[in-house]
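J.: Starting off with a structure, shown below.
The values are calculated or read from the model by the stated rules, or taken from the named source; none is laboratory data. Owing to the predicted nature of the structure, the values given are computational and were not obtained by experimental measurement. Positions of Cβ are generated from backbone atoms using ideal geometry, with glycine treated the same way; all protein chains shown enter the neighbour counts. We work out accessible area using only protein heavy atoms, side chains counted, and drop any ligands, DNA or RNA first. Shrake-Rupley method; radii C 1.70, N 1.55, O 1.52, S 1.80 Å.
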Amino acid sequence: MQEIKVELTKHPKEKPQDQSKLGFGTIFTDHMFIMNYDKGQGWHDARIVPYGPLSLDPAAMCLHYGQEVFEGMKAYKAADGRVLLFRPDKNMARLNVSNERLCIPLIDEDFCVKAIEKLVSVDKDWIPTAEGTSLYIRPFIIGVDPHVGVHPASHLLFIVICSPVGAYYPEGLNPVRIYVEQNYVRAVRGGMGFTKTAGNYAASLKAQDEAEKQNYTQVLWLDGVERKYIEEVGTMNVFFVIDNEIITPSLQGSILSGITRMSSIELLRSWGYKVTERQLSIEEVAKAADEGRLNEAFGTGTAAVISPIGELKWGDKVMPINNGEIGPISQKLYDNLTGIQWGRLEDTHGWTVEVK
Ligand code: COI
């Protein structure tokens, strides 16, 4: 394994005073991890350095054709002082799935988990401790060759930055209002919908903007071909509780394979719930709502954690869900998942990794 050099900052920044006002993703810690890739040499020069601007050639490929992948993970400070990561191996495995699709050289997953542990350890005093807060970790890779031809890059940077955060949505654990997008599509099978790459989020901005103008938090995407089947919500996977079945769209190449999604399925099944991964049409959800069989809906994501959905709007049809309140399954999932992540509950699944 490569050695990781550490250069500590001589100018530590002031940490946020009021942890109740952190919001999401605007404050960054004192250090970042960087590693270079050069064709013929592989990934090299792993280092932790003071956080600061990058120097990029204006022709750097990532700026023109979006050869970029990223991940989202969190470090949590437990009440007993332990610093915990949640399934970091899954994030690095997914990063390599994205890498493969975007012609980015694969990373050494174990090494990158170690690098993230080391960065979090260097910046551990930045991990907030107030209820519901954590340190959001954003690993990303960009192609940096100065070349405006469309080709996979031969020179890349793997970077990790960290940000102390509160809830992603201003609603916190209060149910969000979601609007079913009918004009735009996010991804199609054969495209990049299953990867975490900037382009998927660029494709979502217009719809997101229009939803916000109508006072909705995010959009629910339908499949890009028939515009019929539910895919995912802006920054989260989605689950519907209809009768006694918990249904989430199956992974067919156009949606993200969420780690919170996977963990939620495992937890729900371990409690005896029937969880089905399958195609689910918006008509089926609307029919269940009309017949009083749509009991709950919620989103799952690293940033969003478990986010109950209190209202769904599809065209002119407005569907209130569980009277706009958090349902018992969403609440149980939230309590247990966050209990494991913050070290309040015993981690019987072996999902947490302690950062020393
Ligand atoms: C995450 O949940 O970590 C994400 O990457 C979503 C993000 C776009 C905020």
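J.: Mind listing just one residue for me: the one in the range 130-147 that is assigned to a loop (DSSP other than H, G, I, E, B), more than 17 Å from Ile34 (Cα to Cα) and in contact with a helix residue (DSSP H, G or I) (Cβ under 7 Å, 6 or more places away or on another chain) and, of those, nearest to the ligand (Cβ to nearest atom)?
T.: Taking the range 130-147 as the starting set, the residues that turn out to be assigned to a loop (DSSP other than H, G, I, E, B) are 130-133, 144-145, 147.
Cutting the leftovers down to more than 17 Å from Ile34 (Cα to Cα) gives us 130-133, 147.
Subset that is in contact with a helix residue (DSSP H, G or I) (Cβ under 7 Å, 6 or more places away or on another chain): 130, 133, 147.
On the way: Ala130: 20, Thr133: 15, His147: 28 Å.
Ranking the candidates gives Thr133 first.
J.: Report whether or not Ser263 is closer than 24 Å to Gln218 by Cβ, among the small types (Gly, Ala, Ser) and over 19 Å from the mean Cα position of the chain (by Cα).
T.: The answer is no for Ser263.
J.: Here's a follow-up. Residues in the range 28-48 that are part of a strand (DSSP E or B) and touching a Leu at 6+ places or on another chain (Cβ under 9 Å): how many? Even if it seems obvious, please write down each step before you answer.
T.: Taking the range 28-48 and keeping what is part of a strand (DSSP E or B), we get 31-38, 42-48.
Within this subset, residues satisfying the condition of being touching a Leu at 6+ places or on another chain (Cβ under 9 Å) are 31-38, 43, 48.
Going through the range 28-48 one residue at a time, the tally reaches 10.
J.: Across the range 148-162, which residue is farthest from the ligand (Cβ to nearest atom) among those that are hydrophobic (A, V, I, L, M, F, W, C) and open to solvent by 20 Å² or more (accessible area, probe 1.4 Å)? Reasoning before the result, please.
T.: Filtering the range 148-162 for residues hydrophobic (A, V, I, L, M, F, W, C) gives 148, 150, 153, 156-162.
Applying the additional criterion that residues be open to solvent by 20 Å² or more (accessible area, probe 1.4 Å) yields 148, 150, 157, 161.
Working: Val148: 27, Val150: 25, Leu157: 19, Ile161: 13 Å.
This residue is Val148.
J.: A follow-up question, please. Name the single residue, out of those in the range 165-216 being among the polar types (S, T, N, Q), under 15 Å from Gly299 (Cβ atoms) and part of a loop (DSSP other than H, G, I, E, B), that is farthest from the chain's Cα centre (by Cα). Talk me through it step by step, then tell me what you get.
T.: The first filter runs over the range 165-216 and keeps only residues among the polar types (S, T, N, Q), leaving 174, 182-183, 195, 197, 200, 204, 208, 214-215.
Filter once more, so that each one left must be under 15 Å from Gly299 (Cβ atoms): 174, 204, 208.
Now restrict to residues that are part of a loop (DSSP other than H, G, I, E, B): 174, 204.
Numbers: Asn174: 19, Ser204: 15 Å.
Taking the candidates together, the pick is Asn174.
J.: Answer yes or no as to whether Thr276 is open to solvent by 10 Å² or more (accessible area, probe 1.4 Å), in a strand (DSSP E or B) and either within 20 Å of Phe240 (Cβ to Cβ) or without any contact (Cβ under 8 Å) to a residue 12 or more places away in the chain (or both). Even if it seems obvious, please write down each step before you answer.
T.: Numbers: open to solvent by 10 Å² or more (accessible area, probe 1.4 Å): yes; in a strand (DSSP E or B): yes; either within 20 Å of Phe240 (Cβ to Cβ) or without any contact (Cβ under 8 Å) to a residue 12 or more places away in the chain (or both): yes.
So Thr276 passes the test.
J.: Across the range 64-83, what is the total count of residues that are in a loop (DSSP other than H, G, I, E, B) and either within 14 Å of the ligand (Cβ to nearest atom) or without any contact (Cβ under 8 Å) to a residue 60 or more places away in the chain (or both)?
T.: Pass one, the range 64-83, residues in a loop (DSSP other than H, G, I, E, B): 66-67, 71-72, 78-82.
Those still in the list that are either within 14 Å of the ligand (Cβ to nearest atom) or without any contact (Cβ under 8 Å) to a residue 60 or more places away in the chain (or both) too: 71-72, 81.
Selection size over the range 64-83: 3.
J.: What are the residues in the range 1-23 that are within 16 Å of the ligand (Cβ to nearest atom) and under 18 Å from Val120 (Cβ atoms), if any? Reasoning before the result, please.
T.: Initial filter on the range 1-23 (within 16 Å of the ligand (Cβ to nearest atom)): 22-23.
Of everything in the range 1-23, just one residue is within 16 Å of the ligand (Cβ to nearest atom) and under 18 Å from Val120 (Cβ atoms), namely Leu22.
J.: Moving to a separate point now. Conditions: (1) open to solvent by less than 30 Å² (accessible area, probe 1.4 Å); (2) more than 16 Å from Ile159 (Cβ to Cβ); (3) not β-branched (Val, Ile, Thr). Asp80 meets all but one. Number of the miss?
T.: (1)
J.: Are there any pairs with C-beta distances below 8 angstrom linking a residue in the range 163-192 that is of a type in the set (Gly, Ala, Ser) and open to solvent by 30 Å² or more (accessible area, probe 1.4 Å) to a residue that is at pLDDT below 95 and part of a strand (DSSP E or B), with the two at least 6 apart or on different chains, and if so which?
T.: Matching pairs, first to second residue: Ala167/Val305.
J.: Looking at this structure, is Tyr37 open to solvent by 20 Å² or more (accessible area, probe 1.4 Å) and in contact with a Ser or Thr (Cβ under 9 Å, 6 or more places away or on another chain)? Before you say what the answer is, go through the steps one by one.
T.: Working: open to solvent by 20 Å² or more (accessible area, probe 1.4 Å): yes; in contact with a Ser or Thr (Cβ under 9 Å, 6 or more places away or on another chain): yes.
For Tyr37, the condition - open to solvent by 20 Å² or more (accessible area, probe 1.4 Å) and in contact with a Ser or Thr (Cβ under 9 Å, 6 or more places away or on another chain) - is met.
J.: Kindly indicate which of Tyr201, Tyr216 is more than 27 Å from Phe86 (Cα to Cα) and among the aromatic types (Phe, Trp, Tyr).
T.: On the way: Tyr201 fails: more than 27 Å from Phe86 (Cα to Cα).
After ruling out the rest, the residue left standing is Tyr216.
J.: Does any residue of the range 253-263 turn out to be away from the ligand (no atom under 16 Å from the Cβ) and surrounded by fewer than 19 Cβ atoms within 10 Å (Cβ to Cβ)?
T.: If we filter the range 253-263 for residues that are away from the ligand (no atom under 16 Å from the Cβ), which is where we start, we get 253-254.
If we keep only those that are surrounded by fewer than 19 Cβ atoms within 10 Å (Cβ to Cβ) too, we end up with 253.
Among the residues of the range 253-263, at least one is away from the ligand (no atom under 16 Å from the Cβ) and surrounded by fewer than 19 Cβ atoms within 10 Å (Cβ to Cβ), which makes the answer yes.
Every residue, every condition in (1) crowded, with 18+ Cβ neighbours inside 10 Å; (2) within 16 Å of the ligand (Cβ to nearest atom); (3) not small (Gly, Ala, Ser), yes or no:
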position: Glu296; (1), (2), (3): yes, no, yes
position: Ile306; (1), (2), (3): yes, yes, yes
position: Val318; (1), (2), (3): no, no, yes
position: Tyr334; (1), (2), (3): yes, yes, yes
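J.: Would you confirm whether any residue within the range 235-252 is charged (D, E, K, R) and either within 14 Å of the ligand (Cβ to nearest atom) or assigned to a strand (DSSP E or B) (or both)?
T.: yes
J.: Can you tell me which residues in the range 50-63 are more than 15 Å from Met32 (Cβ to Cβ) and either within 16 Å of the ligand (Cβ to nearest atom) or part of a loop (DSSP other than H, G, I, E, B) (or both)? Give the derivation first.
T.: The first filter runs over the range 50-63 and keeps only residues more than 15 Å from Met32 (Cβ to Cβ), leaving 57-63.
Correct list: Asp57, Pro58, Ala59.
J.: When the range 289-310 is examined, which residues are found to be β-branched (Val, Ile, Thr) and either part of a loop (DSSP other than H, G, I, E, B) or in contact with a strand residue (DSSP E or B) (Cβ under 6 Å, 6 or more places away or on another chain) (or both)? Before you say what the answer is, go through the steps one by one.
T.: At the first step, the residues of the range 289-310 found to be β-branched (Val, Ile, Thr) are 300, 302, 305-306, 309.
Of everything in the range 289-310, those that are β-branched (Val, Ile, Thr) and either part of a loop (DSSP other than H, G, I, E, B) or in contact with a strand residue (DSSP E or B) (Cβ under 6 Å, 6 or more places away or on another chain) (or both) turn out to be Thr300, Thr302, Ile306, Ile309.
J.: Look at Leu119 and say whether it is modelled with pLDDT of 95 or more, on the phi < 0 side of the Ramachandran plot, in a helix (DSSP H, G or I) and touching a Phe, Trp or Tyr at 6+ places or on another chain (Cβ under 6 Å).
T.: Details: modelled with pLDDT of 95 or more: yes; on the phi < 0 side of the Ramachandran plot: yes; in a helix (DSSP H, G or I): yes; touching a Phe, Trp or Tyr at 6+ places or on another chain (Cβ under 6 Å): yes.
Yes.
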